[in-house]
Amino acid sequence: LESLANGKIVIASRRGGLSEIVEDGYNGYLFKSGDSQELAQKINLVASRNQAIKAMENRTKNSLAALAPENHHIELMKIYNKILLFDRQ
């Protein structure tokens, strides 16, 4: 989260919690856990510093907006409302 907040691209395994925050190709890259070739490929992409990578860096900070407490509360309320409506059917 700190890396994203500072405009840094994150490369994370598809396994674990970061895969819920990192959107592959949007604010970082995901790779299959244990696949060193795929990891190396993603590192090389980021190291290329091409226009797509620079644009991705600009999107990293925006990707944290969904994790703000206010937005988290809104999303939780949507889930609770769905559950309540489902329960009534």
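Assorted remarks:
- Across the range 47-56, the number of residues qualifying as open to solvent by 80 Å² or more (accessible area, probe 1.4 Å) and not polar (S, T, N, Q) comes to 2.
- Of all residues in the range 32-47, those that are closer than 18 Å to residue 15 by Cα have Cβ atoms under 7 Å from Cβ atoms of residues that are outside any helix (DSSP H, G or I) and open to solvent by 80 Å² or more (accessible area, probe 1.4 Å), 6 or more apart or on another chain, in 32/14; 33/14; 33/15; 38/32.
- Restricting the range 11-44 to residues that are farther than 16 Å from residue 67 by Cα and β-branched (Val, Ile, Thr), the residue that is farthest from the chain's Cα centre (by Cα) is 43.
- Selection within the range 59-73 - surrounded by 11 or more Cβ atoms within 10 Å (Cβ to Cβ) and assigned to a helix (DSSP H, G or I): 59, 60, 62, 63, 64, 66, 67, 71, 72
- Near pairs, Cβ below 8 angstrom, 6+ apart or cross-chain, from the range 51-66 (under 22 Å from residue 20 (Cβ atoms) and touching a residue at least 24 places away in the same chain (Cβ under 8 Å)) to any residue that is open to solvent by 80 Å² or more (accessible area, probe 1.4 Å) and acidic (Asp, Glu): 63/23
- Residues satisfying the stated conditions in the range 1-46, i.e. open to solvent by 60 Å² or more (accessible area, probe 1.4 Å) and not in a helix (DSSP H, G or I): 1, 6, 8, 14, 15, 23, 24, 26, 32, 34
The values are calculated or read from the model by the stated rules, or taken from the named source; none is laboratory data. Just so it is clear, the structure is predicted and the values come from calculations on it, not from any experiment. Neighbour counts are summed over all protein chains in view; Cβ atoms, including those assigned to glycine, are modelled from backbone coordinates with ideal geometry. Areas reflect the complete protein model, heavy atoms only, side chains present, ligands, DNA and RNA absent. Shrake-Rupley method; radii C 1.70, N 1.55, O 1.52, S 1.80 Å.
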